[in-house]
Each structure stands twice: as structure tokens, then as C-alpha cells.
Amino acid sequence: MSTRSIQPLWHNKDIYLRILKIVSVAIFLASQATWLAVILLDPSNRLTDFHIYDVFGQAIREGYDPYALHIQDANRIVAERWGLTWRQLALPDPVADTLALHYSPPVQLLFSALANLSPLRGAMVWTLASFVAYTLSVLVISRMVLEHWIEPMLLVLASVLIPAFQVVSGGQVGMFMLLGMSLALWGWRKDIPWLTGLGASVALMFKPLPVVMAFVGFVLIQEPGT
């Protein structure tokens, strides 16, 4: 009866890779929790873009045109919603008598739905959703990496990526665009047309131009037959 030599556990590279992945995921999730706490400690002095979305969302609920909102109505809504002035919320000074929020109607409806909540609760929901979108995006992108040892490095890098924190702390829509593009590329790679279409549609709803440029760049760098 032949016996096989048993490889010591510490000689198994797969074990090290699994441990590295677990540690990198833990670091990533811990960093997201820390960032979230920092933002929600003082949402009035952060989430600048969300303040604008909240104002226009409330304006839509009151029947105003989000593409032509008078500055006096905007100032009133800011005072009623946040108890502050336009400038105290660190919002840009208007250069005309009317303001416009250049987003597609579905996105405008999303802002109006969030305006049903109190400003602070809306800010919490928006921030949590942004972190979830970023987390899912990073996980999807990491799964598309062919070399398994790069995946933990990508997660650790995403944990300390300052531009990502700035996008979320500014209350911007960038993470939802990133999630849409990530799902679209995943669907492209896995030959899942409906997922590609869904992800691209979500991203395009927010800002079409950067999404189109990203997809054109992706197509151009693809090797024939991939």
C-alpha cells in the first residue's frame, strides 16, 4: 500500500492567499465604517452636493421646476430644511436669479423621494447607500482581476483611497455611477447582456458623458476576441 507525502499546512500557498483575502476584506470594511462615522458626525459641514439634491428634491415636492428654481425659493427651502443660509451650507453662490439641477428625471425623482425624510435622515440614507455602492463596486472589480494575489492588494488600496472618501463625504453621485459601470463591465465579461444593460442604464442616468468616455476607453483597450 503506497502512502502519499502530506504537505505541511504552512507550505500551502492557497492557505496564505485565503488568509490574505480575509484580512484585506476586514481592513476594507473597517475603513468604510470609520469613514462613515467621520461623515455622519457632522453632515451639515460635509455632503455639500447632497444639500443641493435635498433642496431641489424638496422643490420638486412643492411643485417647482428643478430646471428653473428661483433663488429666493431655494433660500427659503434651505432655511426651512437645514436652519441655515445657502452660504452657511457651503453651497456655491448663484450667478443668476434661477438655479437648475441638470440631472435626468429619474434621478430628480430619487431626490424628491429622499426629501420626504428629514434632512439628517436623508443624509444618513444617502451616505449609507454611497458606501454600499462603493463596497459592491470594489468587490465586483476585484472579482474581475485575473491574478488572485492582486485582489487583496486592490481591497487594501480601496481602503485608503482618499478621492473615494472625498466623493462620498461630498455627497456626490460618483459611487452610484461606479457601481453601474462595474456591473456593466462584469456583465460584459461574463456575457450577461441584461446585467450590462442594467448597469450602463444606472450609470448613464446620472452623468452620461463620463460614462460614455469610460466605456469607449474600455472597448478600445480590449484585445480582439475578448
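Please find, within the range 157-187, the residue that is surrounded by the fewest Cβ atoms within 10 Å (Cβ to Cβ) out of those that are among the β-branched types (V, I, T) and in contact with a Phe, Trp or Tyr (Cβ under 7 Å, 6 or more places away or on another chain).
Here is the first cut: in the range 157-187, the residues among the β-branched types (V, I, T) are 160, 162, 167-168, 173.
Checking which are in contact with a Phe, Trp or Tyr (Cβ under 7 Å, 6 or more places away or on another chain) leaves us with 168, 173.
Details: V168: 24, V173: 22.
My answer is V173.
Here's the yes/no breakdown for (1) in contact with a Leu (Cβ under 9 Å, 6 or more places away or on another chain); (2) part of a helix (DSSP H, G or I):
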| position | (1), (2) |
| --- | --- |
| H102 | no, no |
| P106 | no, yes |
| L109 | no, yes |
| S112 | no, yes |
| M124 | yes, yes |
| T127 | yes, yes |
| Y134 | yes, yes |
| S137 | yes, yes |
List pairs: first in the range 177-201 and modelled with pLDDT under 90, second not in a helix (DSSP H, G or I), Cβ under 8 Å, 6+ apart or cross-chain? L185/M144; W186/M144; W186/I192; R189/M144
List every residue pair whose Cβ atoms lie under 8 Å apart, where the two residues are 6 or more positions apart in sequence or sit on different chains, the first residue falls within the range 113-126 and is of a type outside the set (D, E), and the second residue, located anywhere, is assigned to a helix (DSSP H, G or I) and surrounded by fewer than 17 Cβ atoms within 10 Å (Cβ to Cβ). L114/V125; A115/R61; N116/R61; L117/V125; A123/L40; M124/L40
Per the filter on the range 28-79, residues modelled with pLDDT of 85 or more, over 13 Å from P119 (Cα atoms), hydroxyl-bearing (S, T, Y) and in a helix (DSSP H, G or I) are none
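Which one of these is touching a Ser or Thr at 6+ places or on another chain (Cβ under 6 Å) and at pLDDT below 85: L209, L154? Steps first, please.
Numbers: L209 fails: touching a Ser or Thr at 6+ places or on another chain (Cβ under 6 Å).
Selected residue: L154, the only one of L209, L154 that is touching a Ser or Thr at 6+ places or on another chain (Cβ under 6 Å) and at pLDDT below 85.
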Just the residues that are surrounded by fewer than 15 Cβ atoms within 10 Å (Cβ to Cβ) and within 24 Å of F50 (Cβ to Cβ), please, taken from the range 193-204. S201
Candidates K207, K190, filtered to the one that is of a type in the set (D, E, K, R), more than 15 Å from the chain's Cα centre (by Cα) and surrounded by fewer than 20 Cβ atoms within 10 Å (Cβ to Cβ): K190
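Is it the case that some residue within the range 161-168 is closer than 30 Å to Y67 by Cα, at pLDDT 90 or above and under 13 Å from the mean Cα position of the chain (by Cα)? Please lay out each step first, then the result.
First, the residues of the range 161-168 that are closer than 30 Å to Y67 by Cα: 163-168.
Keeping just the survivors that are at pLDDT 90 or above gives none.
No, the range 161-168 has no match at all.
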Members of the range 94-144 found to be at pLDDT 85 or above and of a type in the set (D, E, K, R), listed by number: R121
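The values are calculated or read from the model by the stated rules, or taken from the named source; none is laboratory data. What you see is a predicted model, and the numbers here were worked out from it, not measured in a lab. With ideal geometry, Cβ positions are generated from the backbone for all residues, glycine too; neighbour counts draw on all protein chains shown.
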